[in-house]
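Structure first, commentary second.
The values are calculated or read from the model by the stated rules, or taken from the named source; none is laboratory data. On a predicted model such as this, the values are computed, not experimentally measured, just so you know. Note: ideal-geometry Cβ built from the backbone for every residue, glycine included; neighbour counts use all protein chains shown.
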Amino acid sequence: MKINTRDVPPRAVWALEQAGVHPLLARLYASRGVSAKDELDDGLNRLLPPSGMKGTQEAAVLLADAIAAGKKLCIVADYDCDGATACAVGMRGLRLLGGSHVSYIVPDRVVDGYGLTAPIAQRVKDSGADVLITVDNGIASVEGVAMANALGLQVLVTDHHLPGSELPAAEVIVNPNQPGCTFASKSMAGVGVMFYVLLAVRAEMRARGVFTPDNQPKLDALLPLVALGTVADVVKLDANNRRLVAQGLRRIRAGTLPAGLAALFTAAGRESRVATTFDFGFALGPRINAAGRLSDMTLGIECLLTDDRARGDELARTLDGINRERREIEGDMREQAMLIAESLFDEGADGEFGAPAAICVFDPDFHEGVVGIVASRIKDKLHRPTFVFAASQAPGKEHELKGSGRSIPGFHLRDALDLVAKRHPGVLLRFGGHAMAAGCTIDADQLDVFEEALGLVAQEWLDAATLTRRLDTDGPLALEYRRIDLVDTLHREVWGQGFAAPVFSEEVEVVSQRLVGEKHLALKLKHQGEPVDGIWFGRTEPLPKRVVLAFRLDADEWQGVRRVRFLVEGAEV
């Protein structure tokens, strides 16, 4: 691993400090591209206006007309946390705006597959709906939208995924990544797109005299769900997304959050009054996602929809149980998948791993609901674009393999799949996704072709520098900042994809080290001559006496006393 220190523009640091920003935060913000204090203003009035997103005005008219006419609206969701929160935001928001007939359908990962398919369109029609609204999907659903149109449904697609070569023939499409959309935040999650549509609908209804600024519904109550979905989907936290997340966190910490969301915090052993983005990404998000992976995402959506505390507690405990099962399945799969992946590498005399440039792993016993997590674990350890495949469990599709991929910086996974599809027509039955995460379906007998084709693209696009794991850090931590109050200050800030949480790095002395729980390394360190505890989760190999560590600041509590400790992220040895 190569540990790097981020560049810190001195002018930006000076400007931020002069504006009253804490010196440590000024340094961290400046190295992440912030040059002035007003960029840190997370007020709602600083959000990009909905009118700037292509399709929002047409969507507002469509939905305002439908609500006025008493039409039945049906949301087609996705089975991950972004899709679940987008669905809950859509359901709650449309009801607040006067929708009297609002329902939802969430596809089953195994039976239905991803997105709006023709059979899902038929189910929406059979439910009695007049208007079909997709959230976090739909931009690639050409056939599904065609079927919905043929059935006489009005179709509104809200999505954030990259479009393919052909757009669906929906009445309206709202997607910041669609051709011709000049909206500045291309990184908005599906839940953010749906929230923006609701803001546009409310503005349209104000213009029609349905609401006034004084009696209009307070859509900001939806921001805790928007924040959760945005962080859990690992989209880039650009300035607009950071404002959405900050606003959501502010309400959660103040106790203004749905009962089911509050219950999820309790089930995860977290405190909502000190909620952080880490809670979203590592505690709440996985519990919602577990429902879509192993069971039925309806459980997750219902938990986010309920305002009944007892019902919320029941659903949150159920989700927690499913997540425990997911962890067990993932642990077994990860061990087997890692063995397969590592066997693909030839270790040279210098101890460095060589080829392959990309990894494909399949085992008949793998569970398709967990392939994405396992791919992420392999990618993190071996630093290669990785696909993990499982046999489809859908009736009549046993010959298909469903794959989930995770990538490394410098390798756009969806573009790579697109190139594989062009070079080998028919190999990919379906595919889609983003730069860092994508999915695809192939015939079982095409796995070798896919593996070779993806490997060739990786060889063409990646070089030795890209294939070397790099960890960007914020350099040394001044001793004066190794304080509990600053740990809390850092935790309160909005960190995430594209706006990384602070990781410091410097040489330390390892005084002692021991294994805890058989798989974690507990450390006694000397940092700038002063003692401090450290923990490296998932590390079993011992460290040398002196070593350059990359670490996050954390607090450890023992017998009521909180102390600073280092959470180790990596080492340069």
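A few notes on this one:
- Cross-chain or 6+ apart pairs with Cβ under 7 Å, segment 112-125 first and not assigned by TED's automatic domain parsing to the domain that holds residue 392 and assigned to a loop (DSSP other than H, G, I, E, B), then of a type in the set (A, V, I, L, M, F, W, C) and at pLDDT 95 or above: 112/120; 116/76; 116/145
- Members of segment 288-315 that are within 27 Å of residue 393 (Cβ to Cβ) and surrounded by 24 or more Cβ atoms within 10 Å (Cβ to Cβ): 288, 289, 290, 291, 292, 293, 297, 300, 301, 303, 304, 315
- Segment 462-501: number of residues that are more than 27 Å from the chain's Cα centre (by Cα) and outside any loop (DSSP other than H, G, I, E, B): 5
- Filter result for residue 64 (in contact (Cβ under 8 Å) with a residue 24 or more places away in the chain and either part of a helix (DSSP H, G or I) or in contact with a Lys or Arg (Cβ under 6 Å, 6 or more places away or on another chain) (or both)): yes
- Number of the condition not met by residue 269 [criteria: (1) more than 21 Å from residue 44 (Cα to Cα); (2) touching a residue at least 12 places away in the same chain (Cβ under 8 Å); (3) part of a helix (DSSP H, G or I)]: (3)
- Residue in segment 137-158 that is of a type in the set (Ser, Thr, Tyr) and in a strand (DSSP E or B) present: yes
- Among the residues of segment 81-112, those identified as farther than 23 Å from residue 69 by Cβ and surrounded by fewer than 20 Cβ atoms within 10 Å (Cβ to Cβ) are 108, 110, 111, 112.
- Pair list, Cβ < 6 Å and 6+ apart or interchain, from segment 399-411 residues that are of a type in the set (Lys, Arg) to residues that are assigned to a loop (DSSP other than H, G, I, E, B): 402/392
- Residue within segment 474-491 that is buried (at least 17 other Cβ atoms within 10 Å of the Cβ) and closer than 30 Å to residue 419 by Cβ present: no
- Residues of segment 443-460 satisfying the condition of being more than 15 Å from residue 419 (Cβ to Cβ) and of a type in the set (A, V, I, L, M, F, W, C): 444, 447
- Residue match in segment 31-45 (condition: under 30 Å from residue 209 (Cα atoms) and part of a helix (DSSP H, G or I)): yes
- Output for segment 424-468, where each listed residue is farther than 30 Å from residue 397 by Cβ, of a type outside the set (Asp, Glu) and surrounded by fewer than 15 Cβ atoms within 10 Å (Cβ to Cβ): 459, 464, 465, 468
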